[in-house]
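Q: Just dropping this structure here.
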Amino acid sequence: LQYDYIYTYMHNYYDDYIDYLDRRQRGLEVEPPRPQTWAERALRSYARNTYPFSFSYKLPRRYDRDSALMYTQHWANTWHSEHSKDYYNRKYKSILF
């Protein structure tokens, strides 16, 4: 719940400026966005239920892949094993070899 709140707040805080930069990069004549008060940003956060569909924003990813990570082995575990093995080999080099 909190991640969704933070994402929505960030989205409403920066989307005007991101649109401004995108239009300026395309060569369009646009004026910079005006500063918003906290109340204006909060109103935008709670008055709108959907995000604009554009290429500058990614849609929220599916959560079924997150739950799959709990039950499968991934690269972080492999890296940790190799790092630990190297650490112990260096630490006990005089005893082992």
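The values are calculated or read from the model by the stated rules, or taken from the named source; none is laboratory data. Only a predicted model underlies this, so the values are computations on that prediction, with no experimental measurement involved. Cβ sites come from the backbone with ideal geometry, for glycine too, and all protein chains shown count toward neighbours.
Q: Consider region 1-41. How many of its residues are surrounded by 12 or more Cβ atoms within 10 Å (Cβ to Cβ) and of a type in the set (Lys, Arg)?
A: Here the count works out to 3.
Q: Scanning region 23-41 for residues that are of a type outside the set (D, E, K, R) and touching a residue at least 12 places away in the same chain (Cβ under 8 Å), which turns out farthest from THR8 (Cα to Cα)? Steps first, please.
A: Within region 23-41, the subset of a type outside the set (D, E, K, R) is 25, 27-28, 30, 32-33, 35-39.
Next cut, touching a residue at least 12 places away in the same chain (Cβ under 8 Å) only: 32-33, 36.
On the way: PRO32: 22, PRO33: 19, GLN36: 16 Å.
Applying the filter and picking the extreme gives PRO32.
Q: Report the residue count in region 1-59 for those that are among the basic types (Lys, Arg) and at pLDDT 80 or above.
A: Start the filter on region 1-59 by keeping residues that are among the basic types (Lys, Arg), which leaves 23-24, 26, 34, 41, 44, 48, 58.
Going one step further and asking which of them are at pLDDT 80 or above, we end up with 23-24, 26, 34.
Number satisfying all stated conditions: 4.
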